[in-house]
1. Using the Cα centre as the reference, give the magnitude of the dipole from point charges on the C-beta atoms of the chain (Lys, Arg: +1; Asp, Glu: -1; all else neutral), rounded to the nearest 20 debye.
2. So how far, in whole Å, is the C-alpha centre of segment 135-165 from the one of segment 185-221?
3. Quick check: pseudo-label points 7 Å beyond the Cα along Cα→Cβ at L64 and D117, how many nm apart are they?
4. In whole Å and largest first, what semi-axes does the C-alpha gyration tensor of the chain yield when each eigenvalue is scaled by 5 and square-rooted?
5. What is the chain's relative contact order, in percent, from Cα pairs under 8 angstrom and six or more apart in sequence?
6. Once each part is reduced to its C-alpha centroid, what is the distance from segment 55-84 to segment 1-40 in angstrom?
7. Please report, largest first and rounded to whole Å, the three semi-axes of the ellipsoid equivalent to segment 117-269, where each semi-axis is the square root of five times an eigenvalue of the C-alpha gyration tensor.
8. Expressed in nm to one decimal, what extension gain is obtained for the pair R242 and E13 from 0.36 nm per residue of sequence separation less their Cα-Cα distance?
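Taken together, the values in this text are just the output of simple stated rules run on the coordinates, not laboratory data. Note that the structure is a prediction, hence the values are computed from the model and not measured. Cβ coordinates were reconstructed from backbone atoms using ideal geometry, including for glycine residues, and neighbour counts include every protein chain displayed.
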Amino acid sequence: MKVIRKFDPWKSELCTCPEKYSFNPYTGCAHQCLYCYATYIPRFYHLREKKNLFRDFERDLKDLPENSLISMSNSSDPYPPVERERKVTRKCLEILRDYDVRLLVVTKSDIVVRDADILSEMRCAVSITITGLDLLEPNAPPTEKRIEAIKNLKDFGIPVILRFDPIVPGLNESRMDIIEKCMPDHVVTSTLKLKPDSLARVSSVLPEIKTIYQRGEKVGRYTYLKREKRYEMLKRVEKYCRDLGISCAFCREGFEFDAKSCDGSHLIK
Ligand code: SF4
């Protein structure tokens, strides 16, 4: 079975991602974010290692066109807590550095800093999600550790993207101080989008979210906030970034932005 696949942006017509491939070193995710979009995958919160991963990874890498962009990971986190001992992702990086590819690491974990020695030798950028919503991300490293991770990666000269995503109405709209604390090279942001299962999980800790999203709008299989409300929230983040001299883009929102890419892959040399 292939382990590197064409990125399928959940069939969203609003996706503005450049063409890229998706690679998940692990199956499932230990972070258990209540708003997670990937829980359509069976037993998603049960983290598993893949059989024959390194063999299959090398086989798929050999088939990729030169200069391909690989996003690691889109539907799991490549740095779950077990990665400290297992070093599955680190071994994948050791394999990857011999290939002519570009790498976008997407994580919520500060464990990524451990691999800065390899990442700084590669054509790569690291995207770290920080929302300030530790309540909704029970098993992910706390906000302060992630801010520290961004600073550490920058010290290694690695381009860093902050995913300020999702923004939850009334909860972290005002947490833009996170951007200033990190001073990343790029920010990508988006508002909370809910499916019935994630709505049930999020409303178990934030009951008011049900009423707010009842007034929302359907986009594909998701419920979004009303377009005017989203526009107002996103433009506020964009302005905050502009004032700091940082580029800003939106993820699957249907609004234009000035940045050269939404995911920050333009930072990869
Ligand atoms: S880190 Fe990402 S993939 Fe993992 S549970 Fe959270 S939202 Fe889902």
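1. In total the dipole reaches around 760 debye.
2. If we compute the Cα centre of each part, the gap is 23 Å.
3. Result for the modelled spin labels: 2.3 nm.
4. Values: eigenvalues 160, 89, 65 Å².
The equivalent ellipsoid of the chain has semi-axes of 28, 21, 18 Å.
5. On the way: 486 pairs, mean separation 48.0, N = 269.
Relative contact order, the chain: 18 percent.
6. Segment 55-84 and segment 1-40 have Cα centres separated by 12 Å.
7. On the way: eigenvalues 152, 62, 37 Å².
Square roots of five times the eigenvalues give 28, 18, 14 Å.
8. Values: separation 229, 0.36 × 229 = 82.44 nm, distance 2.69 nm.
79.8 nm is the gain from fully extending R242 to E13.
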